[in-house]
1. Identify the single condition in (1) open to solvent by less than 40 Å² (accessible area, probe 1.4 Å); (2) within 24 Å of Val169 (Cα to Cα); (3) touching a strand residue (DSSP E or B) at 6+ places or on another chain (Cβ under 7 Å) that Ile62 does not satisfy, given that it satisfies every other one.
2. Is region 209-224 home to any residue that is open to solvent by 10 Å² or more (accessible area, probe 1.4 Å), touching a Pro at 6+ places or on another chain (Cβ under 8 Å) and either more than 20 Å from Val116 (Cβ to Cβ) or at pLDDT 95 or above (or both)?
3. Sort out which residues of region 171-226 are aromatic (Phe, Trp, Tyr) and in a helix (DSSP H, G or I), and write them in order of number.
4. Inside region 122-166, can you point out the residues that are in contact with a Ser or Thr (Cβ under 7 Å, 6 or more places away or on another chain) and free of Cβ contacts under 8 Å to residues at least 24 places away in the same chain?
5. With (1) under 23 Å from Leu130 (Cα atoms); (2) outside any loop (DSSP other than H, G, I, E, B) as the list, and Phe22 as the residue in question, which single condition is left unmet?
6. Limited to region 169-183, what total is found for residues that are more than 16 Å from Trp203 (Cβ to Cβ) and surrounded by 14 or more Cβ atoms within 10 Å (Cβ to Cβ)?
7. Name the pairs whose Cβ atoms lie under 9 Å apart, with the first residue in region 47-73 and farther than 23 Å from Tyr12 by Cβ and part of a helix (DSSP H, G or I), the second among the polar types (S, T, N, Q) and open to solvent by 40 Å² or more (accessible area, probe 1.4 Å), and 6 or more positions between them or separate chains?
8. Suppose we filter region 1-44 for residues that are modelled with pLDDT of 95 or more, open to solvent by 60 Å² or more (accessible area, probe 1.4 Å) and farther than 25 Å from Thr232 by Cβ; how many remain?
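The values are calculated or read from the model by the stated rules, or taken from the named source; none is laboratory data. Keep in mind it's a predicted model, so treat the numbers as computed, not measured. When we count neighbours, we look across all protein chains shown, and the Cβ atoms used for this are built from the backbone with ideal geometry, even at glycine. The accessibility values were calculated without ligands, DNA or RNA, using every heavy atom of the protein model including side chains. Shrake-Rupley method; radii C 1.70, N 1.55, O 1.52, S 1.80 Å.
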Amino acid sequence: MQILSIQSSVAYGHVGNSAAVFPLQRLGHDVWPVLTVHFSNHTGYGAWRGPLLAPADVAEVIAGIAERGVLGSADAVLSGYQGDPAMGAVILDAVEKVKAANPDAVYCCDPVMGDVGRGMFVRPGIPEYLRDEVVPRADIITPNQFELDFLAGRTTTSLAELLEAVDVVRATGPCHVLVTSVLHGDVPQGSLEVVAVSDQGAWVVTTPLLPISPNGGGDVTAALYLAHLFTTGSPALALERTTASIFAVFEATLAAGTRELQLIAAQDVIADPPARFAARRLR
């Protein structure tokens, strides 16, 4: 698979393209990383250096790729954090161009907006832009439960309510929805769930809840799910492989006692995910 990945980049650590590119390459996929920022480190540290690239500059890079005549060979576009509607417009324009050149190409969007306990952490207007303009044009989205609730305009406190919310969002455009960081009344204490829904059905995986929440976890998850869904055609299998790999990365990160994802240390379980978590069919 060849993937046009339009995301942020950091020199130190792993978020955005710095989190997504290596796992995709380790799985044998070719990635064309287009950078929206190039920071020294992720913003979770509270201080960073480096440029926020202008949307026009990002569009120029994409135009240069198009001039090579290769957009028709792209199988997917992948995007994550979109800090400005103007950048979102550049990404959507790239999606349109890729799909015009290859109608079978898919767009995978991680609609980064916020999380439980933190609320919205993007600029005002971005959540509405993602909901109204970006998500309807995506084929695959990977929101956490907090973001799903916003996209669906409701609060989910049970698995049944979560599936109803997914159906509401899927009706706007996306075929595949992967919901991460799912917690509800029936989740066993010390666990959390990840839910995958498509036309083929709905599945859930339950994993232990580790006492860490490193930056970049969602970026890796979106990349892995896109890759495994593309190669297997099975949401259930993609869910199992994605959760097995990301859990192993989190385990390695916890063991290392660092706030940066241990992608290199866990690269073997990224390349060859173990059969660790079984997906349970919900419908």
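1. Going through the list (1) open to solvent by less than 40 Å² (accessible area, probe 1.4 Å); (2) within 24 Å of Val169 (Cα to Cα); (3) touching a strand residue (DSSP E or B) at 6+ places or on another chain (Cβ under 7 Å), Ile62 breaks only (2).
2. The answer is no; no qualifying residue exists.
3. Residues of region 171-226 aromatic (Phe, Trp, Tyr): 203, 225.
Matches in region 171-226: Tyr225 only.
4. Of everything in region 122-166, those that are in contact with a Ser or Thr (Cβ under 7 Å, 6 or more places away or on another chain) and free of Cβ contacts under 8 Å to residues at least 24 places away in the same chain turn out to be Asp149, Ala165.
5. Of everything listed in (1) under 23 Å from Leu130 (Cα atoms); (2) outside any loop (DSSP other than H, G, I, E, B), Phe22 misses just condition (1).
6. Of the residues in region 169-183, the ones more than 16 Å from Trp203 (Cβ to Cβ) are 169, 171-174, 181, 183.
From the residues that got through so far, the ones that are surrounded by 14 or more Cβ atoms within 10 Å (Cβ to Cβ) too are 169, 172-174, 181, 183.
Qualifying residue count for the region: 6.
7. Taking only residues 6 or more apart or on different chains, the pairs are Ser73/Gln2.
8. 3
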